[in-house]
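A short worksheet on the structure shown next.
The values are calculated or read from the model by the stated rules, or taken from the named source; none is laboratory data. In this text, all values refer to a predicted model and were calculated from it rather than measured experimentally. As a convention, Cβ positions derive from the backbone with ideal geometry for all residues, glycine included, and neighbour counts pool all protein chains shown. With ligands, DNA and RNA removed, areas are computed over all heavy atoms of the protein, side chains included. Shrake-Rupley method; radii C 1.70, N 1.55, O 1.52, S 1.80 Å.
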Amino acid sequence: MPNPDTSDRHRLAELARRQARALAMGGLAKIARQHELSRLTARERVARLLDADSFYEIGQLAHSARPDARDKTPADGRITGYGTVAGQLVGVSADDVTIMAGAGGQVGYRKEYSIVGMAQKKGFPAIILGEGGGARIPDIMGAVGMMSFAYPIQHPPRDRAVPVITAIMGECYGGPMWEASVSDVVVQVKGAVMAVAGPPILEIATGERVTKEALGGWQQHARVTGLVDLFAEDDADAIRLIQRVLTYLPANAAELPPVLPAQPPSTLKQNSILNIIPADDRYSYDMHRILACIVDVGSLLELKPFYDGSLITTLARIDGQVVGILANNPKINAGAMGPGACEKAVSFIILCDSFHIPLIFLHDTPGFYVSQAAENNKMPVRIMDFINALHHCTVPRITLFIRKSYGMASNNMMGGNMGADFTLAWPTADISFSSPEVAFNVVLGRKVKDDPNRDDIKRAFLDNLADISAPWEPAGLGLIDRIIDPRQSRQELIRALQIANGQAGSRHSGSRYAGSRQAGGRSKRLMASWNKM
């Protein structure tokens with residue numbers, strides 16, 4: 001009979017051997033290759049993301065379900081578990097590209113689904129660190145492989161119960177791309193790729209030859225598809241962005257966004273806001289400069305910044321509270337919104353509404369962008385999807401007319417009849433169905449074409465239109481709640497937010513939108529962690 005002590009030591013030694021094998025991942029050569037590409041390994045990414053010594057790994061000793069691949073697949077190519085980011089519990093799954101090029105096996109995917117499922121069930125964020133080639137071909141081939149390995153309906157649906165954040169950190173085809181497509185926020189490292197299939201598959205299947213960058217590089221997703229929200233210079237920057245995103249979102253949809261101590265706006269003085277808007281409305285300006293005069297310093301986190309820049313969609317803080325801002329940007333297409341702007345507006349409204357983030361709309365748009373390309377991209381459907389998102393929106397909404405607000409675009413930006421909690425306007429507001437020049441050409445252009453007094457007729461028409469498009473009459477009829485001094489925009493928005501949130505004036509008055517003491521404490525830890533990066 002074996003000595004019990006000897007048997008125990010043998011089992012402990014075997015445990016240590018298996019643990020060491022898992023921690024070694026794909027071996028020193030493949031780890032070195034990852035470092036040569038200036039990328040971190042999956043385990044290094046997890047360690048960089050989480051608080052020190054907080055990682056509780058699940059499935060460390062997993063391996064491929066195929067007997068012939070068990071020794072080649074430590075952790076089955078997925079590093080999964082739980083940990084904390086500045087004290088906030090999160091679930092994390094990281095693709096290990098040193099194992100079978102990051103292609104996922106049945107066990108590895110099951111581990112990831114389990115982590116995301118637990119996060120949704122228990123109410124904390126899930127984070128996916130992607131770098132892999134989708135499903136592992138030997139595992140998924142054949143009828144049994146396909147039918148047992150396909151994307152399972154048991155995988156938690158995108159019901160936005162908890163924030164799901166995905167980072168694209170290398171070449172991602174299949175699996176990591178599916179996760180990104182159903183995530184709340186997606187971060188892509190420049191140089192990384194995200195697509196359904198890689199160039200070799202395309203060439204075999206269709207004969208099409210394309211570079212991986214053209215297929216799914218960061219420029220493609222930044223400017224053409226709009227599938228990615230934030231872009232990072234490298235792995236460390238991507239992790240910093242993930243940590244920063246967490247400072248704006250609650251742990252789950254039953255909680256409130258974190259509240260931070262109030263900060264002043266940027267170094268731009270409030271009085272300077274008057275100097276930003278050109279006297280002649282034919283000239284453009286950058287709406288980001290207006291935002292810098294209004295929000296807490298350093299708090300702008302713009303999502304999809306390169307995708308149809310006519311509309312800015314950004315998270316921010318005003319008086320310490322998280323807000324979502326949709327702002328027309330006259331610097332791009334004069335602020336005329338195209339199909340891309342409508343798409344990102346819908347995405348942003350749903351994100352904010354899911355996690356109790358009040359919305360602010362800043363108007364300066366001549367209408368929707370009209371072109372053959374826009375019509376080819378189903379512009380009417382995009383516009384009505386935008387409206388539909390507003391119909392379902394439940395968070396406080398505040399509208400501020402700054403300059404132009406014409407046509408259907410005025411409605412989509414929470415203009416008249418759209419149910420804003422408060423409608424504010426600068427004295428410079430100009431609200432109408434179309435621009436004055438267009439209106440004149442439609443109404444009188446042909447009739448007075450040869451009239452010797454055409455210039456006088458046009459001047460009188462435009463003067464009258466300017467009068468009826470000014471904010472004074474709608475304010476008199478109760479369609480605008482307050483016409484404000486532009487220099488008081490920040491203070492006016494703070495007060496409107498307080499009332500729309502059901503507060504008496506204090507940011508911590510106990511309103512259901514004001515945030516809890518626990519949330520405030522969590523956000524301070526998150527922000528402190530991000531600032532150290």
Q) Roughly how many debye, to the nearest 20, is the charge dipole of the chain about its Cα centre, given +1 on each Lys and Arg Cβ, -1 on each Asp and Glu Cβ, and no other charges? A) 1020 debye
Q: Can you tell me what the convex hull of the Cα atoms of the chain projects to on average, as an area in nm²?
A: 31.4 nm²
Q. Between A20 and Y283, how many nm apart are label points set 7 Å from Cα along the C-beta direction?
A. 7.2 nm
**Q.** Using distinct alpha-carbon pairs, which all enter the 1/r mean, Kirkwood radius of the stretch 262-370 in Å
**A.** 14.2 Å
**Q.** Accessible surface of R21 - all protein chains present, 1.4 Å probe, nearest 10 Å²
**A.** 90 Å²
Q. Can you give me the pair-distance distribution of the stretch 160-234, C-alpha pairs, 5 Å bins, whole percents?
A. 3, 18, 27, 25, 14, 8, 3, 1, 0
Q. So between D237 and K72, what do we pick up on full extension, going 0.36 nm a residue minus the alpha carbon distance?
A. 56.3 nm
Q | For the stretch 236-392, share of DSSP beta bridges that run antiparallel, in % to the nearest 5 | A | 70 percent
**Q.** Reduced Cα scattering model of the stretch 77-209, Debye log10 I(q)/I(0), q = 0.14, 0.18 Å⁻¹
**A.** -0.62, -1.00
Q. Rg/Rh for the stretch 44-132: what does it come to with C-alpha atoms and Rh from Kirkwood?
A. 0.98
Q: Express the accessible area of the chain per residue in Å², computed with a 1.4 Å probe while the remaining protein chains stay in the model.
A: 46 Å²
**Q.** Pairwise Cα inverse-distance average, inverted: Kirkwood Rh of the stretch 319-392 (Å)
**A.** 13.0 Å
**Q.** Compactness of the stretch 11-75, expressed as Rg and Dmax over alpha-carbon positions, Å
**A.** 13.3, 38
Q) Percent of accessible area on the chain owned by carbon and sulfur, 1.4 Å probe? A) 56 percent
Q.
Heavy atoms of the protein only, probe of 1.4 Å, neighbouring chains included. What is the accessible area of L303 in Å², nearest 10?
A. 10 Å²
Q: Just the Kirkwood number for the stretch 395-436, please: inverse of mean 1/r across all distinct Cα pairs, in Å, one decimal.
A: 10.4 Å
